[in-house]
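K.L.:
The structure is given below, and queries will be raised subsequently.
The values are calculated or read from the model by the stated rules, or taken from the named source; none is laboratory data. On a predicted model such as this, the values are computed, not experimentally measured, just so you know. Cβ atoms come from the backbone with ideal geometry, glycine included; neighbour counts cover every protein chain shown. With ligands, DNA and RNA removed, areas are computed over all heavy atoms of the protein, side chains included. Shrake-Rupley method; radii C 1.70, N 1.55, O 1.52, S 1.80 Å.
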Amino acid sequence: MSSEHDAKLAALILENALGYAIFTMDLDGKITSWSRGAEQILGYSRAEAIGLHFGELFTPPDREARADRHELENAKQQGRAEDTRWHLRKDGSRFWGNGMTMGIFSPELTGLMKILRDETPAKLAEDQRVLLLNELNHRIKNTLATVQSIAEQTLRAAQVDPRVRRELTDRLMAMSDAHNVLVNESWAGADLGTIVRQAVAHHDHRGHSRFRIDGPLVWLSPQQAVAMALALHELATNALKYGALSTQGGQVELTWNLAHTQLGARQVNMLWRELGGPSVSPPRHTGFGSRLIARTFSQENGGQARIDYLPQGVQCVMQLQLSGADEAPAEWSSLVAGQVGEPLGEVLAQAGAPRPSGPENVQG
């Protein structure tokens with residue numbers, strides 16, 4: 001194929017790529033060629049654009065911050081510079097543009113080329129989504145606070161035991177904490193490690209870790225994140241009252257692993273194991289915490305939980321079927337790569353409260 005044919009083909013592609021603004025510049029940023037796509041997106045005719053400085057496409061604040069100059073210098077020094085920001089059209093209106101400035105080598109650097117795409121509809125849709133999420137978050141927090149207030153006042157008026165009122169408040173707070181994690185991730189889900197650390201952080205009163213936590217990065221759906229937070233709250237509360245955290249030398253091992261089943265489904269297996277606490281015997285009846293954990297995990301697709309009352313300490317095994325890998329954040333693969341071979345480490349939680357006497361526990 002001749003070089004003349006290649007040049008004609010390239011020109012044809014540039015002229016018909018109407019969804020992209022494609023133009024070239026000299027090394028100082030003055031525009032030297034202008035595609036039809038650039039005319040449509042930016043509003044300048046080819047005659048108006050030739051000789052115009054690249055910086056005229058930037059907003060005044062960005063120009064004063066020398067954003068255009070930084071982009072040119074990065075492209076010249078590194079061969080390319082990506083740019084995503086609000087840009088200006090000829091009529092002064094703004095559009096959200098994503099593009100790349102690249103060096104033109106022949107074989108030395110002789111000029112620069114910019115390819116820019118108008119992504120305003122996607123940006124506006126994202127802004128609307130964030131606005132709606134913020135409103136949802138606000139309403140959920142208000143609803144939880146209202147429920148907490150109503151429950152507290154109702155139970156107090158009925159002269160319910162303060163310990164029972166406090167346990168209900170703590171359970172509502174555990175739900176609220178899990179929602180806070182989801183808020184930070186825009187309700188896309190939550191990192192299991194973050195949920196775990198937040199759940200045990202409430203028992204870190206003296207700075208000496210009573211929990212050994214280890215497991216790979218695992219992404220939970222919003223429903224699974226709340227379920228896990230509630231389960232861990234019940235287990236930690238029970239351990240503080242009656243189990244390993246009720247004694248000075250007691251510890252909790254909290255570990256999990258990610259696996260694929262024979263059919264390719266992804267699942268996480270978590271183990272809560274108490275050590276160094278008082279001797280354990282099975283409870284006379286199933287407590288609220290045990291029923292909550294069993295019911296919560298059975299409601300998840302393929303999920304299950306089992307609590308064993310071993311003499312050396314309570315042990316709970318929880319299993320969850322995970323959502324598809326495509327629901328994880330885009331940056332997750334790089335995070336996983338950085339964690340290969342590295343434990344999450346020991347985290348949190350000293351619970352130095354004295355062991356209270358009380359009715360049947362969630363060792364129920």
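K.L.:
Hey, could you check the stretch 14-27 for residues that are touching a residue at least 24 places away in the same chain (Cβ under 8 Å) and over 12 Å from Met113 (Cα atoms) and say which is least open to solvent (accessible area, probe 1.4 Å)? Walk me through it before giving the result.
P.N.:
The initial filter retains those residues of the stretch 14-27 that are touching a residue at least 24 places away in the same chain (Cβ under 8 Å), namely 19-27.
Imposing the further condition that a residue be over 12 Å from Met113 (Cα atoms) reduces the set to 19-20.
Working: Gly19: 40, Tyr20: 92 Å².
Going through the qualifying residues, I end up with Gly19.
K.L.:
OK, next. Got a sec? Which of Val160, Val164 is free of Cβ contacts under 8 Å to residues at least 12 places away in the same chain, open to solvent by less than 50 Å² (accessible area, probe 1.4 Å) and either on the phi < 0 side of the Ramachandran plot or under 30 Å from the mean Cα position of the chain (by Cα) (or both)? Walk me through how you get there before you give the answer.
P.N.:
On the way: Val164 fails: open to solvent by less than 50 Å² (accessible area, probe 1.4 Å).
Only one candidate passes the filter, namely Val160.
K.L.:
May I pose another question? Which strands (runs of 3 or more DSSP E) sit wholly inside the stretch 77-142 and have at least 1 residues that are out of contact with any Cys (no Cβ under 9 Å at 6 or more places or on another chain), farther than 19 Å from Trp34 by Cβ and not hydrophobic (A, V, I, L, M, F, W, C)? Spell out the reasoning first.
P.N.:
Details: elements: 80-88, 94-105, 109-118.
Answer list for the stretch 77-142: 80-88, 94-105.
K.L.:
Restricting the first residue to the stretch 280-291 and requiring it to be farther than 10 Å from Glu234 by Cβ and outside any helix (DSSP H, G or I), which pairs with a second residue that is open to solvent by less than 80 Å² (accessible area, probe 1.4 Å) and hydrophobic (A, V, I, L, M, F, W, C) meet a Cβ separation below 9 Å and a spacing of at least six or different chains?
P.N.:
The qualifying pairs are Val280/Leu310; Val280/Val314; Pro283/Val362; Thr286/Ala294; Thr286/Val362.
K.L.:
Here is a further query. Show the residue pairs that are 6+ apart or on different chains and have beta-carbon atoms under 6 Å apart, the first residue being within the stretch 50-73 and under 11 Å from Asp28 (Cα atoms), the second being assigned to a loop (DSSP other than H, G, I, E, B).
P.N.:
His53/Gly29; Phe54/Gly29; Leu72/Gly29
K.L.:
Could you tell me how many of the residues in the stretch 310-335 are modelled with pLDDT of 55 or more and open to solvent by 50 Å² or more (accessible area, probe 1.4 Å)?
P.N.:
Qualifying residue count for the region: 3.
K.L.:
Here is a list of conditions, (1) in a strand (DSSP E or B); (2) free of Cβ contacts under 8 Å to residues at least 60 places away in the same chain, and Thr32 meets all of them except one; can you say which number that is?
P.N.:
So the condition that Thr32 fails would be (2).
K.L.:
Going through the stretch 44-54 one residue at a time, which ones are assigned to a helix (DSSP H, G or I), modelled with pLDDT of 95 or more and open to solvent by less than 70 Å² (accessible area, probe 1.4 Å)?
P.N.:
Ala49
K.L.:
Follow-up question, since we're still on this one. Can you work out which of the residues in the stretch 113-132 that are out of contact with any Ser or Thr (no Cβ under 6 Å at 6 or more places or on another chain) and among the aliphatic types (A, V, I, L, M) is least open to solvent (accessible area, probe 1.4 Å)?
P.N.:
In the first step, residues of the stretch 113-132 are kept if they are out of contact with any Ser or Thr (no Cβ under 6 Å at 6 or more places or on another chain); the result is 115-132.
Now narrow it down to the ones that are among the aliphatic types (A, V, I, L, M): 115-116, 122, 124-125, 130-132.
On the way: Ile115: 52, Leu116: 3, Ala122: 66, Leu124: 97, Ala125: 61, Val130: 57, Leu131: 106, Leu132: 104 Å².
Once the filter is applied, the top-ranked residue is Leu116.
K.L.:
Look through Ala265, Ala259, Ala229 and report the one residue that is buried (at least 16 other Cβ atoms within 10 Å of the Cβ) and of a type outside the set (Val, Ile, Thr).
P.N.:
Details: Ala265 fails: buried (at least 16 other Cβ atoms within 10 Å of the Cβ); Ala259 fails: buried (at least 16 other Cβ atoms within 10 Å of the Cβ).
Checking each option against the conditions leaves just Ala229.
K.L.:
Please determine whether any residue of the stretch 183-190 is at pLDDT 85 or above and among the hydroxyl-bearing types (Ser, Thr, Tyr). Step through it out loud before you land on a result.
P.N.:
Within the stretch 183-190, the first condition is being at pLDDT 85 or above, and the residues that meet it are none.
No, the stretch 183-190 has no match at all.
K.L.:
Among the residues of the stretch 233-257, write down those that are at pLDDT below 90, among the aliphatic types (A, V, I, L, M) and in contact with a Lys or Arg (Cβ under 7 Å, 6 or more places away or on another chain).
P.N.:
Hit for the stretch 233-257 is Leu245, nothing else.
K.L.:
Does Trp219 satisfy the condition of being at pLDDT below 90, under 25 Å from the mean Cα position of the chain (by Cα) and of a type in the set (Phe, Trp, Tyr)?
P.N.:
On the way: at pLDDT below 90: yes; under 25 Å from the mean Cα position of the chain (by Cα): yes; of a type in the set (Phe, Trp, Tyr): yes.
Considered against the rule, which asks whether it is at pLDDT below 90, under 25 Å from the mean Cα position of the chain (by Cα) and of a type in the set (Phe, Trp, Tyr), Trp219 comes out as yes.
K.L.:
Just to be sure, is Asp177 crowded, with 16+ Cβ neighbours inside 10 Å, of a type in the set (D, E, K, R) and either at pLDDT below 85 or part of a loop (DSSP other than H, G, I, E, B) (or both)?
P.N.:
Numbers: crowded, with 16+ Cβ neighbours inside 10 Å: yes; of a type in the set (D, E, K, R): yes; either at pLDDT below 85 or part of a loop (DSSP other than H, G, I, E, B) (or both): yes.
For Asp177, the condition - crowded, with 16+ Cβ neighbours inside 10 Å, of a type in the set (D, E, K, R) and either at pLDDT below 85 or part of a loop (DSSP other than H, G, I, E, B) (or both) - is met.
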